[in-house]
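Read the structure below first, then the notes.
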Amino acid sequence: MPTFETQAYWDAVDRQELLVKTCKACGQAHYTPRSHCPHCFSSDTHWQPASGRAVVYSYAIANRADPPYVVAYVQLAEGPMMLANIVACAPADVHIGQAVQVIFQPDAEGRTRPYFQPTPKDAA
Ligand SMILES: [Zn+2]
């Protein structure tokens, strides 16, 4: 459920925009929406649009699902790690270090969510 702190994040997702929180004190980005920076505990954080580019850090294939799907930790180009499903890619083709980019799709309940798909070769 969106809370006050994450509302800006979900509003942006509805606009097909991915935001990361960036700390003004230490300059590091963090994905998990929170008011205090996990790196230096400063409360001087603000939302910033992310590029949407990421790399697969680790993943798991949900083989019992039909069809099977891949859930992965992807590391955003801005640095933070986020958990997301990998789409538009056969589970067997997903690999660590793979370049992916964000794509926005409605989930089963019709709520827009960020997913990641392989970066097209010509766009890399
Ligand atoms: Zn900081």
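Using a simple spin-label model with pseudo-atoms 7 Å out from Cα toward Cβ, Tyr57 and Gln117 lie 2.4 nm apart. Between Ala77 and Glu5, the C-beta separation translates, for a Förster distance of 25 Å, into a calculated FRET efficiency of about 0.60.
Only helices enter the 222 nm calculation for the chain: every DSSP H run of n ≥ 4 contributes -39,500 (n - 2.57), and dividing by all residues gives -2500 deg cm²/dmol, rounded to 500. You can think of it this way: the chain between Val87 and Ala108 has 6.1 nm of extra reach, that is 0.36 nm per residue less the Cα-Cα gap.
Once all protein chains are placed together, Glu78 keeps about 60 Å² accessible to a 1.4 angstrom probe. A Förster distance of 35 Å, applied to the separation of the beta-carbon atoms of Ser42 and Asp14, puts the FRET efficiency at 0.80.
Taking Arg53, Arg113, Arg34 as the candidate residues, the one with maximal mean-square fluctuation in a Gaussian network model of the chain, Cα springs under 10 Å, is Arg34. Database note for the chain: Cys without another Cys beta carbon under 4.7 angstrom, Cys89.
Rg(Cα) of the chain divided by 2.2 N^0.38 Å?
For the chain, the normalised Cα radius of gyration comes out at 1.09.
The values are calculated or read from the model by the stated rules, or taken from the named source; none is laboratory data. Bear in mind the structure is a predicted one, so any value in this text is a computation, not a measurement. Note that we place each Cβ from the backbone using ideal geometry, even for glycine, and neighbour counts take in every protein chain shown. For accessibility, only protein heavy atoms count, side chains too; no ligands or nucleic acids. Shrake-Rupley method; radii C 1.70, N 1.55, O 1.52, S 1.80 Å.
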